[in-house]
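This report concerns only the one structure given below.
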Amino acid sequence: MEKQTLDDYQVGERIVTPGRTITEADIVNFAGLTGDWHPLHTDVTYAATTPFGERIAHGMLVLSAGSALAFRLGTFVLLPRSFIAFYGMERVRFTTPVKIGDTIRLEAEVTSIEHKDATRGVLTWNGRIVNQRNEACCLFVMKLLCGRAAPA
């Protein structure tokens, strides 16, 4: 169901998004955008000598791309009327590396809804980004400032 306002959400509501495959281009573009050219992400020879045995995606790339999956149609559908701004993030943990070719998806559960005033409030959800093997790659709590339904 499309979410028009904060009032359309319920504590306990769960979503699972469609998947998104992480590509070599994603890693190179993220490195260029952020300036993080650590060889673990960008150097095939170096990465082969690490415990991972190959290049892995930046943790922040996984967090960014994975959490943004909530904005795809058919999931939370945070429409402009409901979503105002990113409010915060807590307890981020990177638990399994994401490698080139892995497909990630977001699983999330609404854990609280806090009304700030008559026009806005904070939606909090626990996020879990998993790969195609259903291994948790990233865990976090996200807070979003959302608009409320207009008073009748």
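The values are calculated or read from the model by the stated rules, or taken from the named source; none is laboratory data. Note that the structure is a prediction, hence the values are computed from the model and not measured. With ideal geometry, Cβ positions are generated from the backbone for all residues, glycine too; neighbour counts draw on all protein chains shown.
Key figures for this structure:
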| item | result |
| --- | --- |
| Residue selected from the stretch 30-63 under the condition small (Gly, Ala, Ser) and either in contact with an Asp or Glu (Cβ under 8 Å, 6 or more places away or on another chain) or in contact (Cβ under 8 Å) with a residue 24 or more places away in the chain (or both), by the criterion nearest to Gly101 (Cα to Cα) | Ala57 |
| Residue that is surrounded by the fewest Cβ atoms within 10 Å (Cβ to Cβ) [pool: residues in the stretch 121-137 that are among the charged types (D, E, K, R) and touching a residue at least 12 places away in the same chain (Cβ under 8 Å)] | Glu135 |
| Any hit, the stretch 63-78, residues being hydrophobic (A, V, I, L, M, F, W, C), modelled with pLDDT of 95 or more, under 30 Å from Gln4 (Cα atoms) and out of contact with any Cys (no Cβ under 9 Å at 6 or more places or on another chain) | yes |
| Residues of the stretch 101-127 classified as modelled with pLDDT of 95 or more, under 16 Å from Val141 (Cβ atoms) and of a type in the set (Gly, Ala, Ser), total | 2 |
| Qualifying positions in the stretch 1-49 - over 20 Å from the mean Cα position of the chain (by Cα) and among the aromatic types (Phe, Trp, Tyr) | Trp37, Tyr46 |
| Criterion (free of Cβ contacts under 8 Å to residues at least 12 places away in the same chain, under 30 Å from Arg148 (Cα atoms) and not hydrophobic (A, V, I, L, M, F, W, C)) met by exactly one of Glu109, Glu114, Glu90 | Glu114 |
| Where Met60 falls short, out of the listed (1) hydrophobic (A, V, I, L, M, F, W, C); (2) at pLDDT 90 or above; (3) loosely packed, with under 14 Cβ neighbours inside 10 Å | (3) |
| Qualifying residues in the stretch 105-146 (those that are among the acidic types (Asp, Glu) and part of a strand (DSSP E or B)) - the one nearest to His58 (Cα to Cα) | Glu107 |
| Pairs, first of a type in the set (Ser, Thr, Tyr) in the stretch 138-150, second part of a strand (DSSP E or B), C-beta under 8 Å, six or more apart | none |
| Residues being outside any helix (DSSP H, G or I) and either farther than 11 Å from His38 by Cβ or small (Gly, Ala, Ser) (or both) - total across the stretch 54-73 | 4 |
| Per-region count, the stretch 90-104, residues within 23 Å of Leu40 (Cβ to Cβ) and assigned to a strand (DSSP E or B) | 6 |
